[in-house]
Amino acid sequence: MHTIFHLAFHVRDLDVARRFYGGVLGCTEGRSTDTWVDFDFFGHQISLHLGEPFATTNTGRVGDVMVPMPHFGLALELPDWKAMAARLEAAHTDFVLEPQVRFEGQPGEQWTMFFCDPFGNPIEVKGFRSLATVYDK
């Protein structure tokens, strides 16, 4: 069964959201009104609605860094992850967790980066040599 994940959340400005999600991340814009906009978030649907973003706290441990919870994100094949990291670095993104590899040489080896959209919504993007290893222990 093939499914598409859907997540709706708040942003404060749809034009700023379009520049970030469409321009920086490269997501394709879908339907919209004057109060919300949909994006194809790498095969999944996100709906950005005008409003106050959800509250987060730095309570998630990733290695030695405390990261914002809750957060959402992606698992990408490594070449796509590297391309996204380069786009984010070129856009002078302020990373919560700089692009890096963790669990190197171990089951679950992954590249990760954490950043926030312009409204403080936290996003984690993981990279894997193969998506078949996402759940390896």
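The values are calculated or read from the model by the stated rules, or taken from the named source; none is laboratory data. This structure is a prediction, so every number in the text was calculated from the model and none was measured. FYI the Cβ positions are ideal-geometry reconstructions off the backbone, even for glycines, and counts take in every protein chain you see.
Observations on the structure shown:
- Selected residue [closer than 26 Å to Val101 by Cβ, of a type in the set (Ser, Thr, Tyr) and either under 18 Å from the mean Cα position of the chain (by Cα) or surrounded by 17 or more Cβ atoms within 10 Å (Cβ to Cβ) (or both)] from Thr56, Thr28: Thr56
Results for (1) in the same structural domain as Asp13 (by TED's automatic domain parsing); (2) modelled with pLDDT of 95 or more, shown as yes or no for each residue.
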| position | (1), (2) |
| --- | --- |
| Asp40 | yes, yes |
| Arg61 | no, no |
| Leu88 | no, yes |
| Leu97 | no, no |
| Gly120 | no, yes |
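- Members of the range 70-105 found to be free of Cβ contacts under 8 Å to residues at least 60 places away in the same chain and closer than 19 Å to Phe5 by Cα, listed by number: Pro70, His71, Gly73, Leu74, Ala75, Leu76, Glu77
- Breaking point among (1) surrounded by 13 or more Cβ atoms within 10 Å (Cβ to Cβ); (2) over 22 Å from Arg19 (Cα atoms); (3) not aliphatic (A, V, I, L, M), for Phe42: (2)
- Hits in the range 106-137 (condition: in contact (Cβ under 8 Å) with a residue 24 or more places away in the chain, surrounded by fewer than 13 Cβ atoms within 10 Å (Cβ to Cβ) and of a type in the set (A, V, I, L, M)): Val134
- Selection from the range 102-128 of residues that are aromatic (Phe, Trp, Tyr) and part of a loop (DSSP other than H, G, I, E, B): Phe103, Phe119
- Residues that are surrounded by 18 or more Cβ atoms within 10 Å (Cβ to Cβ), hydroxyl-bearing (Ser, Thr, Tyr) and on the phi < 0 side of the Ramachandran plot do not occur anywhere in the range 3-19.
- Selection status of Thr93, surrounded by 15 or more Cβ atoms within 10 Å (Cβ to Cβ) and touching a Phe, Trp or Tyr at 6+ places or on another chain (Cβ under 8 Å): yes
- Filter result for Ala55 (in a loop (DSSP other than H, G, I, E, B) and either at pLDDT below 95 or among the hydrophobic types (A, V, I, L, M, F, W, C) (or both)): yes
- Index of the failed condition, Pro99 passing every other in (1) in contact with a Gly (Cβ under 7 Å, 6 or more places away or on another chain); (2) outside any loop (DSSP other than H, G, I, E, B): (1)
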